[in-house]
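Student: Quick one: structure below, then a few questions.
The values are calculated or read from the model by the stated rules, or taken from the named source; none is laboratory data. Every value quoted in this text rests on a predicted model; they were computed, and no experiment measured them. Heads up, the Cβs are rebuilt from the backbone with ideal geometry, glycines too, and the neighbour counts pull from every protein chain shown.
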Amino acid sequence: MSYPYQIRSMEEYEKAYKDSISHPDKFWSSVAEHFRWKKKWNRVLEWNFKEPRVRWFDGAKLNITENCIDRHLEKLGDKPAIIWEPNNPEERVRVVTYNRLHKRVCQFAQVLKNNGVKKGDRVCIYMGMVPELAYAILGCARIGAIHSVIFGGFSAQSIADRLYDAEAEYIVTSDGAYRGGKDIPLKSVIDDALIGNRTVKKVIVYTRTRTPVSMLKGRDVWWEDEMEYAETQVEKEGIVSFPAEEMDAEDPLFILYTSGSTGKPKGVVHSSAGYMVWTTYSFVNVFQYNPGDIHFCTADIGWITGHSYIIYGPLSAGATSVMFEGIPTWPDAGRFWDIVDKHKVNILYTAPTAIRSLMGFGLGPLKGKDLSSLKILGTVGEPINEEAWHWYDENVGKKKCPVVDTWWQTETGGILISNLAGVTPARPSWATLPMPGVQPVLVDENGKEVTQKDEHGLLNGNLCIKAPWPSIIRTTYGDHDRCRQNYFAAYPNLYFTGDGAWKDDKGNFRITGRVDDVLNVSGHRIGTAEVENAINMHTGVVESAVVGYPHDVKGQGIYAYVVYGHIHGDEEMTRRDILQTVTRVIGAIAKPDKIQFVKGLPKTRSGKIMRRILRKIAEGETSNLGDTTALLDPGVVEEIKQGKL
């Protein structure tokens, strides 16, 4: 299999970029020709950013699973689609061929149908990183149900909020999950999330850890029993079939919840056709994928990276994707390198947080590991610092592997700015050039394009995008105005990313981080309001303010300033109690790294908390805090400075 739309040189990149901007309809039509459609489109693109309204490949009919599975069966049926590496290295690796994937997805689609799931129904999936998670996702897509995967680290309350928002009637989960040295009891968390829920009709439970679970008659069913029955329905005389539901190009494919600057998570909705085209196109080009390469994306499928670059992008391209159940430091810090060595991985795509964490163990874990199969390295989730970039390049890639530093978001669906491996130039800690079809622009607070260079000869501003690419967010589930307000209202006729950036005279971009009230912790976005709401639920807390600060491993840490009524016993115990509350309400991922108890917060006379001041103190900047005369009580700032942790 070759990819006619693969860019192989800088000249080809420049031509593709120019064509995609000047003739987007013609450009994307020529890319889309290489996918399987039930009916071709009437129109390639229709859009305005005011409502916002974006439609790609309007009038086309398709099913994404036919592109991810069926079209590969004739030539690639016996090739591995997914190589599953279990948490415990002693456990058996599972290799899922495209034929096996087809059979299991058809079976699970039948299971969903048997349990009453219909096109358009929302199915929440809360599982560990096992192949059955892929079967569940693709099974939903096969019948046209909208899947919403929830990361296995979220609490019962966070799940309940998402179930309520998505109006989900079906759940797929496991008894438990393995993650490093921990067994995570997933089904019992789901049971807690369902207390008081009146919409969920069925819970399908896969057996992974053999953790004792409560199974309610009429609601809970075992995955294994359901699959066994479905097998007899989809397989006749050795032929497996389950017809793929015909989907409109703009039908929703999935909802994925992401933190916002308010306390309520927002359900980002991605469509079927545009998302498919973009994830495949970006996967093939950024990673310069060649048929037969082994691609290892270390992300969890509970996040967008796993959706786009473990499942949909690689499978649509007919690739082999490694799926890893565990964590990089268990049973020791050489686990990633063991996996690369064992499976002869060619492409490694991971997070700067993981790289910084592994740097802390030194070069010992790399000794004796054969990494010679590696051809391309990638990073995702946050800007990578230069030290980590060089460590990755020198010690993992042996200075022979291009490093792609990819910038994108849950809302963008796939990579928007990145060098193309070995094709366009890399620059340490810079995302570099936009993908074809992506038109970034830097604006000031008033939405005016920045034209004045700073003292370093760079343009510096808020990163916006002028026109839609195929996998742009379509809406926020159940609340289209929230989508407009969050992404399209700040600057007229622009999509606002929420990030700041620099741009050099060659058109390269460097992302400088969030400019709104959203933190980027280990590559995962967490709203400050969400964490503050959780802290404020703890008895004794009067109010709180949360900011980010530089963290050696996570990139950004969470610093919480907490006004507490009366501390019983010692401060450390109270801190632990607050952390437990945050874990119960959101999940361990949102736990503050530092909690400083304060008597008051710096507020304006109108009652607004001056987070700018708190952020500077958390970052260690105590002398240049700007004008504090407008504060209701300027003395509070001095107290906070004295008590900094």
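Student: Has the stretch 241-263 got any residue that is outside the structural domain of residue 525 (by TED's automatic domain parsing), in contact with a Pro (Cβ under 6 Å, 6 or more places away or on another chain) and not hydroxyl-bearing (Ser, Thr, Tyr)?
Tutor: no
Student: Got a sec? Which of 75, 103, 119 is in a loop (DSSP other than H, G, I, E, B) and farther than 27 Å from residue 467 by Cβ?
Tutor: Only one candidate qualifies: 119.
Student: If you take the residues of the stretch 326-363 that are in contact with a strand residue (DSSP E or B) (Cβ under 8 Å, 6 or more places away or on another chain) and β-branched (Val, Ile, Thr), which of them is farthest from residue 397 (Cα to Cα)?
Tutor: Here the answer is 327.
Student: Answer yes or no as to whether residue 198 is in contact (Cβ under 8 Å) with a residue 12 or more places away in the chain and more than 19 Å from residue 585 (Cβ to Cβ).
Tutor: In short, no.
Student: Take residues that are modelled with pLDDT of 90 or more and tell me which of the strands (runs of 3 or more DSSP E) falling wholly in the stretch 473-561 contain 2 or more.
Tutor: 495-503, 509-514, 541-551
Table: residues versus (1) buried (at least 24 other Cβ atoms within 10 Å of the Cβ); (2) more than 15 Å from residue 223 (Cβ to Cβ); (3) within 25 Å of the chain's Cα centre (by Cα).
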residue	(1), (2), (3)
100	no, yes, no
116	no, yes, no
121	no, yes, yes
128	yes, no, yes
136	yes, no, yes
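Student: Scanning the stretch 179-204 for residues that are surrounded by 21 or more Cβ atoms within 10 Å (Cβ to Cβ) and under 24 Å from the mean Cα position of the chain (by Cα), which turns out nearest to residue 158 (Cα to Cα)?
Tutor: It comes out as 193.
Student: Give the stretch 577-601 a look and list any residue that's crowded, with 21+ Cβ neighbours inside 10 Å, part of a loop (DSSP other than H, G, I, E, B) and either aromatic (Phe, Trp, Tyr) or in contact with an Asp or Glu (Cβ under 8 Å, 6 or more places away or on another chain) (or both), or say none.
Tutor: Across the stretch 577-601, the qualifying residues are 586, 601.
Student: Shifting gears a bit: For residue 156, all conditions in the list (1) surrounded by fewer than 21 Cβ atoms within 10 Å (Cβ to Cβ); (2) touching a Gly at 6+ places or on another chain (Cβ under 6 Å); (3) not aromatic (Phe, Trp, Tyr) hold save one; what is the number of the exception?
Tutor: It fails just one condition, (2).
Student: Which residues, taken from the stretch 564-576, are buried (at least 16 other Cβ atoms within 10 Å of the Cβ) and in contact with a Gly (Cβ under 9 Å, 6 or more places away or on another chain)?
Tutor: Within the stretch 564-576, 564, 574 qualify.
Student: Considering only the stretch 193-282, give the strands (runs of 3 or more DSSP E) lying wholly within it that have at least 3 residues that are of a type outside the set (Asp, Glu).
Tutor: In the stretch 193-282, the matching strands (runs of 3 or more DSSP E) lie at 202-206, 252-258, 266-271.
Student: Is one or more of the residues making up the stretch 33-47 buried (at least 20 other Cβ atoms within 10 Å of the Cβ), at pLDDT 95 or above and closer than 30 Å to residue 169 by Cα?
Tutor: No, that holds for no residue.
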